[in-house]
Structure formats: C-alpha cells, structure tokens
Amino acid sequence: MASQARSSDPVFSEQASLPGFSLSGDPSAERLLSADLPALFRPFAPAGATPSDWWPEFEGFLAGPVAQHLQGFLSQRLQQQAVIFPPNPLRAFELTPREAVRVVILGQDPYHGEGQAEGLAFSVSPGVRPPPSLQNILKELRRDGLLSGLPRSGSLLAWAQQGVLLLNTCLTVEAGRPASHAGQGWEALTDAVVRTLGQGERPLVFMLWGAHAQSKRPLINAQRHLILQANHPSPLSANRPPRPFVGCGHFSMAKTWLAQRGESVGALFQWA
C-alpha cells in the first residue's frame with residue numbers, strides 16, 4: 001500500500017516519501033471507470049486521436065473471444081463496485097511506440113494500493129511513496145553503478161520515453177488483491193506484444209522478472225535478443241535463489257550489450 005512505512009535505507013528523497021493517494025484530488029481519477037475496451041483502444045487506431053504502430057496487436061486482440069471475455073469480466077467487477085487500477089491500462093503503449101522499444105521490462109500486474117498504479121510497470125507518480133519493489137530496483141541500479149544521490153520521485157516516465165517498455169503481463173488489478181485479474185484475458189494481448197518484439201529483427205533486451213514474466217520466454221528469439229531473468233523485485237522474492245533480483249546486474253548488462261550493437265545508451269536508465 002502507498003501508506004506503508006519507509007524502508008530504513010534512505011533511497012528516496014524526503015519529498016518522495018510523502019504518501020499521495022489521489023494526486024488529482026479526485027479518487028475516481030485514479031481508477032478504471034469503464035469496461036468499454038473498444039473505446040479504450042480506439043485512440044490508437046489509424047483514424048484515432050493518437051494513431052499507434054501498436055495497432056496491429058491491438059486490432060488482433062480485440063477481434064478475438066478473449067477480449068470479449070475480458071470486457072465482460074471487467075464490466076461485472078465494476079458493477080460489483082470493485083476498485084480497479086490503473087485508470088489507463090494502456091499508458092505504456094502511449095509513451096513507448098513499438099519502433100522506439102530498446103528494452104522490455106516485464107513484471108506481473110499493477111500495484112494494488114490506492115494511487116500507486118499509473119499504467120507503467122513498477123512506476124509511481126511523483127508524490128507517491130515508492131513501493132518496496134521499486135525501492136529494490138533503485139538499490140540494484142545503485143549497486144550496478146548507474147545511480148548516485150537520492151531520486152526525487154519514483155516515476156519511471158523518463159525510462160518509457162527512452163524506449164524502455166514498462167509492461168506487466170496483466171494490465172489491471174483490484175484494490176488490495178494482487179493477481180486478481182490474472183488469467184482473465186490481458187495475457188493474450190501481452191503475449192502478442194512480446195511475440196511481435198521477440199520475433200523482430202532489431203536486437204532488444206528483455207528483462208523477465210518473476211515467473212509470470214518468464215512464462216513468455218518461448219515467445220522471444222534468444223538467438224537475436226538478450227534475455228535476462230531474475231526473481232521479481234518484491235521483497236518476498238528479491239533475494240531468493242536460484243535467480244535473486246538483488247545483484248542480478250541486469251541494467252549494466254543491458255547497456256553494455258546494446259552499446260556493442262551501436263545503440264546510444266548514455267541516458268538509458270537515468271532516474272529523474
């Protein structure tokens with residue numbers, strides 16, 4: 001939850017440690033309000049407000065029965081007064097076009113605390129106390145030699161704008177109920193996305209954190225792309241063998257591998 005106590009390790013500035021449940025002042029603005037999936041995806045269509053190169057994956061998903069099931073499930077849960085996060089499950093695709101992707105960080109599902117999930121895996125808006133998983137990511141960045149000082153927020157917006165697709169395997173969750181929407185249909189969409197990227201020609205880095213993310217490894221051409229696997233950065237698993245997240249070195253390995261292939265990586269993984 002966003003109001004939990006701070007870690008004893010001062011990895012964030014005091015400003016960022018303040019709880020921030022509804023940054024807009026309107027709690028309804030921090031949750032999903034409609035189960036109308038076609039309306040959610042429509043702006044990405046060629047004739048939409050913000051046409052996107054992700055549209056082929058979206059169009060294929062919407063045409064199948066899995067999307068119909070997901071819409072029915074979301075509609076039912078909203079009718080039953082479930083609080084569903086985030087307000088915009090597709091934000092990662094808005095910020096990171098397919099042609100811009102260099103790194104895919106794949107997690108499980110959004111944060112389930114009030115005011116935390118913002119449509120980017122592991123990221124929270126400025127003013128929201130960083131959850132433990134995000135604090136472990138920051139600690140690993142520092143251990144990996146890619147961070148000094150105290151970030152002012154837990155926002156990973158800059159990463160998304162640098163070509164890091166911050167994606168969960170499931171794109172919605174209910175308040176206080178982790179994995180509550182797992183298996184309801186989002187995985188078909190994220191499978192399609194990972195398959196498209198994983199079979200593409202441009203060499204990419206895939207960071208698969210946790211069992212849910214690692215289930216997508218068969219969709220990725222390991223001869224062309226770099227696949228890095230570790231436990232989820234949650235405190236429940238971050239130090240657990242055989243692949244602890246703490247000490248994994250994924251960030252420096254990704255930068256080195258991309259640089260060897262001619263990518264400009266100077267600003268990659270910089271934390272605002």
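Return a yes/no flag: does the stretch 116-128 have any residue that is among the polar types (S, T, N, Q), out of contact with any Phe, Trp or Tyr (no Cβ under 7 Å at 6 or more places or on another chain) and not in a loop (DSSP other than H, G, I, E, B). No, there is no match, as no residue in the stretch 116-128 is among the polar types (S, T, N, Q), out of contact with any Phe, Trp or Tyr (no Cβ under 7 Å at 6 or more places or on another chain) and not in a loop (DSSP other than H, G, I, E, B). If the condition is being within 18 Å of R91 (Cβ to Cβ), out of contact with any Lys or Arg (no Cβ under 6 Å at 6 or more places or on another chain) and of a type outside the set (S, T, N, Q), then the stretch 137-169 contributes G154, L156, L157, A158, W159, A160, V164, L165, L166, L167.
Which residue, of A192, A222, A213, A259, is at pLDDT 95 or above, among the hydrophobic types (A, V, I, L, M, F, W, C), over 20 Å from A160 (Cβ atoms) and not in a loop (DSSP other than H, G, I, E, B)? Don't jump to the end; show me each part of the working.
Working: A192 fails: over 20 Å from A160 (Cβ atoms); A222 fails: not in a loop (DSSP other than H, G, I, E, B); A213 fails: over 20 Å from A160 (Cβ atoms).
So the residue among A192, A222, A213, A259 that is at pLDDT 95 or above, among the hydrophobic types (A, V, I, L, M, F, W, C), over 20 Å from A160 (Cβ atoms) and not in a loop (DSSP other than H, G, I, E, B) is A259.
Taken over the stretch 10-58, the residue count meeting the criterion of being in a loop (DSSP other than H, G, I, E, B), open to solvent by less than 60 Å² (accessible area, probe 1.4 Å), over 17 Å from P86 (Cβ atoms) and modelled with pLDDT under 50 is 3.
A count restricted to the stretch 183-193 and to residues that are under 18 Å from R217 (Cα atoms), open to solvent by 20 Å² or more (accessible area, probe 1.4 Å) and touching a residue at least 60 places away in the same chain (Cβ under 8 Å) stands at 2. In the set (1) of a type in the set (D, E); (2) within 28 Å of G262 (Cβ to Cβ); (3) not in a loop (DSSP other than H, G, I, E, B), E187 fails one condition alone, (2).
Of all residues being touching a residue at least 40 places away in the same chain (Cβ under 8 Å) and not hydrophobic (A, V, I, L, M, F, W, C) in the stretch 244-272, which is nearest to Q229 (Cα to Cα)? Just the residue, please. Here the answer is H250. The residue of the stretch 89-103 that is nearest to L32 (Cα to Cα), among those that are open to solvent by less than 40 Å² (accessible area, probe 1.4 Å) and either part of a loop (DSSP other than H, G, I, E, B) or out of contact with any strand residue (DSSP E or B) (no Cβ under 9 Å at 6 or more places or on another chain) (or both), is P89. Only a single item in (1) open to solvent by 40 Å² or more (accessible area, probe 1.4 Å); (2) part of a loop (DSSP other than H, G, I, E, B); (3) more than 27 Å from E263 (Cα to Cα); (4) not aliphatic (A, V, I, L, M) is not met by S234, and it is number (1). Across the stretch 119-176, the number of residues qualifying as in contact with a helix residue (DSSP H, G or I) (Cβ under 8 Å, 6 or more places away or on another chain) and of a type in the set (F, W, Y) comes to 1. Only one of the listed residues (L134, L146) is surrounded by fewer than 18 Cβ atoms within 10 Å (Cβ to Cβ) and either in contact (Cβ under 8 Å) with a residue 12 or more places away in the chain or in contact with a Phe, Trp or Tyr (Cβ under 6 Å, 6 or more places away or on another chain) (or both). That residue is L146.
Against the list (1) of a type in the set (D, E, K, R); (2) at pLDDT below 95; (3) assigned to a loop (DSSP other than H, G, I, E, B), the condition K139 fails is (3).
Scan the stretch 238-258 residue by residue and report those that are open to solvent by less than 50 Å² (accessible area, probe 1.4 Å) and over 24 Å from V193 (Cβ atoms). Break it down stepwise before answering.
Step one: of the stretch 238-258, the residues open to solvent by less than 50 Å² (accessible area, probe 1.4 Å) are 238, 244-245, 247-252, 254-255, 257-258.
Passing the criteria: A238, P244, G247, G249, S252.
The values are calculated or read from the model by the stated rules, or taken from the named source; none is laboratory data. What you see is a predicted model; the values in this text were computed from it and never measured. Note that each Cβ is placed from the backbone with ideal geometry, even for glycine, and that neighbours are counted across all protein chains shown. Side chains included, ligands, DNA and RNA excluded: accessible areas come from the protein's heavy atoms. Shrake-Rupley method; radii C 1.70, N 1.55, O 1.52, S 1.80 Å.
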